[in-house]
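Some notes on the structure that comes next.
The values are calculated or read from the model by the stated rules, or taken from the named source; none is laboratory data. Remember, predicted model here, so these are calculated numbers, not experimental data. Quick reminder, even Gly has a Cβ in these numbers, built from the backbone with ideal geometry, and neighbours come from all protein chains shown. What goes into the accessible areas is simple: the full protein's heavy atoms, side chains included, and nothing from ligands, DNA or RNA. Shrake-Rupley method; radii C 1.70, N 1.55, O 1.52, S 1.80 Å.
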Amino acid sequence: MTDSTAPAAMPTDSPLRTLLTGAQMLFVAFGALVLVPLLTGLDPNVALFTAGVGTLIFHGVTRVSVPVFLASSFAFIAPIQGSVANFGIPATLGGLMAAGLVYVVISQFVRLKGTAWLHRLLPPVVVGPVIMVIGLALAPVAVDMATGETSDNIGYGAAIFLSMVSLLVTLVLAVFGRGLIRLIPIMGGIVTGYALALVMGVVDFTPVQASAWLSLPSFTAPSFHWAAILFMIPVAIAPAVEHIGDMVAIGSVTRRNYLEKPGLHRTLLGDGLATTAAAIFGGPPNTTYSEVTGAVTLTRAFNPRIMVVAACIAILLAFVGKLGALLQTIPGPVMGGIMTLLFGSIAVIGMNTLVRAGKPLTAPRNLVVVSLVLVFGIGGMQFGNGQFTLQGVSLAALVGIVLNWVLPGAEEEDTPQA
């Protein structure tokens, strides 16, 4: 296909239409955008700010040519939680800056060498189980929040009711919703659970009353510690590979080949710089949002300038102090109920990556790689102590890469056994 197939579907004449469509794109992304900081202890207003800034950086690098919006990445939830517990928020942000620079390095290799080396280094047998680890490692956190273990003022009975109703609404909207409703299941579940929590009287509005209408987000400067950097760098691998799929997906919608123009090296570079910029201000890493891709598919709003408008609105909302305070009053069980579905769906994405590869998982080589990645990543294996500790997703990714590199290929795996 040539680029001439898409422009007819790009309504750009009306500034009002562009403004309203941009606001709608932000609305679609909003629930997932603020979920990451709420789960990791970061400030949701900062996340709004860095999502807007990151999106603007991306479009600056790609010359406003790809209709995508960048915001908080789910892939980093577990690593951020683990890093914050071990090293604190500033050191975690330093690690996230380094992870963003990994994208930048990969983008330059892609520019010079193409993508074949990336697929050899990170085949589905490595990427699939690593994505599964990202989701499954969080399962206990989701259950603890859903059952009220992390809430001081909500007992088990009230917590399980709130979490299961929030979960039910989310999955109903995801499965049975139509049109725009199907694109906002997370927001639907949060709103319903929050309304129930208000009726039950378990929402504390003290932070909202104490906050100003307009205020600077709580920016946090990063600090740099080798342990936090080594912990976080490997986590960037799976989202970097997933980025290629995102570009193919949005390209199939708009009928443009974004891997060629503006080029995968530019989109990766934009994503990496957006993540690094987010960490500088104290926000979570950025990634392209599939929810927004779905909204683009539904609305046929192919004009990338719409995403620039959405980014500007996000930056403006970041300075509304009461908005961030209100988001922080959402009860833990409401978030926990939604997390049980969200983290499970991340694991399913990893399984789907393996299934689509079409390789026999019981073949000795694949069995070894997948098994060790899963057990090391989920079971709590760690190498080293003190400043140089590898565990969780970071360890799982490195184990997968090394095993895939050193184990010999087995051509007989493709031959059916008698």
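In the chain, what is the volume of the convex hull around the alpha carbon atoms, normalised per residue and reported in Å³? Before the final figure, lay out the partial values.
Working: hull volume 66.4 nm³, N = 418.
Given the Cα convex hull of the chain, per-residue volume reads 159 Å³.
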### Message
Going Cα to Cα from Lys113, which lysines come in below 20 Å? Please leave out same-chain ones fewer than 8 positions away.
### Response
Lys261
#### Entry: ³J(HN,Hα), Karplus 6.51/-1.76/1.60, whole Hz, each residue of the range 273-286, x for Gly, Pro
5, 5, 5, 5, 4, 4, 5, 4, 8, x, x, x, x, 9
### Summary
Length gained if His119 through Val406 is fully extended, taking 0.36 nm per residue and subtracting the Cα-Cα distance, is 101.7 nm
### Query
Along the charge dipole of the chain, which of Phe383, Ser215, Leu167 sits closest to the positive end, that is, farthest toward it, with unit charges on the beta carbon of Lys, Arg, Asp and Glu (+1, +1, -1, -1)?
Ser215
### Query
In whole angstrom, and with the biggest value first, how far do the Cα coordinates of the range 285-370 range along each principal axis?
56, 38, 23
### Message
Let me cross-check Asp144: its accessible surface, 1.4 Å probe, with only protein heavy atoms counted, in Å² to the nearest 10?
### Response
70
### Task
Please list, or write none, the lysines whose alpha carbon is within less than 23 Å of the alpha carbon of Lys359, excluding same-chain residues fewer than 8 places away.
none
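Provide the gained length on full extension for the span Glu260 to Val375, in nm with one decimal, where the gain is 0.36 nm per separating residue minus the Cα-Cα distance.
Contour length minus Cα-Cα distance gives 37.6 nm.
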### Query
Considering the chain as a Gaussian network with a 10 Å cut-off on Cα pairs, which listed residue, Val235, Val169, Val46, attains the greatest mean-square fluctuation?
Val169
### Message
Which of rounded, prolate or oblate describes the range 6-94 when judged by the alpha-carbon gyration tensor and an a/c cut-off of 1.5?
### Response
prolate
### Message
Along the charge dipole of the chain, pointing to its positive end and built from +1/-1 on Cβ of Lys, Arg, Asp and Glu, which listed residue (Ser65, Ile80, Ile330) has its Cα farthest out?
### Response
Ser65
### Query
Stretch Ser252-Ala221 to full length: gain in nm at 0.36 nm per residue minus the Cα-Cα span?
7.3 nm
### Task
Take the alpha carbon gyration tensor of the range 49-182, find the square roots of its eigenvalues, order them as a ≥ b ≥ c, and report rounded if a/c is under 1.5; if not, report prolate when a/b exceeds b/c, else oblate.
prolate
### Task
When a/c is below 1.5 the answer is rounded, else prolate if a/b is larger than b/c, else oblate, so apply that to the range 238-316 with a ≥ b ≥ c taken from the square roots of the Cα gyration tensor eigenvalues.
oblate
### Task
Please report, as a whole percent, how much of the solvent-accessible surface of the range 141-188 comes from carbon and sulfur atoms (probe radius 1.4 Å).
68
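Tell me, what is the percent relative contact order of the chain, built from C-alpha pairs under 8 Å that lie six or more residues apart? Display every interim value, and only then the final one.
Numbers: 764 pairs, mean separation 150.4, N = 418.
Reported relative contact order: 36 percent.
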